[in-house]
Structures are given as structure tokens and as C-alpha cells.
């Protein structure tokens, strides 16, 4: 069975009756974490999907029906980062740990980083793998 993070994004959801208690608890915790991040104004409308609603427009036309969905825009992202900053007044360089709020309208590219290593560490692993492959090759007759 795939992890909750995978089927959250890709689907399909597994049947609850077929899930182990451990996997049910993991999924429940994941959904609670997600719901905790949802802004109150979004929770308000999302929790009312399926309820009867009456809406009156500016032209006084009234719509009576069931709330089917609501649509939201992502306006900004908060990124925790470390920044190297030079303070000219003190003539000193500082490392600042900070949260930067970035407007999505200013983003040109976004990359999800799965793993990050120092170049030296990456090269050392590559060389070790190459040496392992060399040792595993059968010796050729000369």
C-alpha cells in the first residue's frame, strides 16, 4: 500500500475498510495536520459544502441551491531560509535565519528539492560507487 502522501496528491484513495489500524492512524494524523494549515475563511466555506444556500446578487437575482464548491487563490508562500547579509554600518557579515513571504505573482520558477548534498560528498559517493562496480566486474583473461 502506498503512503498517504502519495495518494493525497495522485489518488486513488484506498478503501478505509481494507486499511490497517496503523495506516488509518497515519492518514488521520496527516489530514489533521493539513486541516490545521487551512486558513479559517477557507475552513468556513469548505465545511459547508453540501449545505443549502441562498445567494442574492448585486442585481437582486437570487440563487437558491446547494453549495457545491468554493475556489481559492494562492497569493503568497512563506519560505524559511538562511541568508548571508553584509551590514555596512558594522562592517560585518551576518547569517540571518528568517521567514520570507513571497508573492506568487513574483515567482518565475519553483523547484521542490528532495535532497541536497555538498558537491564534495556527492563526488565521493560517485567515486565509491564506481570503485564498487569495478570490483564487481569479472576479471578478464589476458
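Each reported figure results from applying straightforward, stated rules to the coordinates on display, with no laboratory input. These numbers were taken from a predicted model, which means no experiment stands behind them. As a convention, Cβ positions derive from the backbone with ideal geometry for all residues, glycine included, and neighbour counts pool all protein chains shown.
Values as computed for the structure displayed
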| item | result |
| --- | --- |
| Residue that is closer than 28 Å to residue 13 by Cβ and surrounded by 10 or more Cβ atoms within 10 Å (Cβ to Cβ), where the choices are 25, 74 | 25 |
| Number of positions in the range 102-118 that are in a strand (DSSP E or B) and surrounded by 10 or more Cβ atoms within 10 Å (Cβ to Cβ) | 1 |
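One line per residue, one yes/no per condition, for (1) in contact with a helix residue (DSSP H, G or I) (Cβ under 7 Å, 6 or more places away or on another chain); (2) assigned to a strand (DSSP E or B):
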| residue | (1), (2) |
| --- | --- |
| 30 | yes, no |
| 34 | no, no |
| 44 | no, no |
| 53 | no, yes |
| 58 | no, no |
| 68 | no, no |
| 71 | no, no |
| 82 | no, yes |
| 90 | no, no |
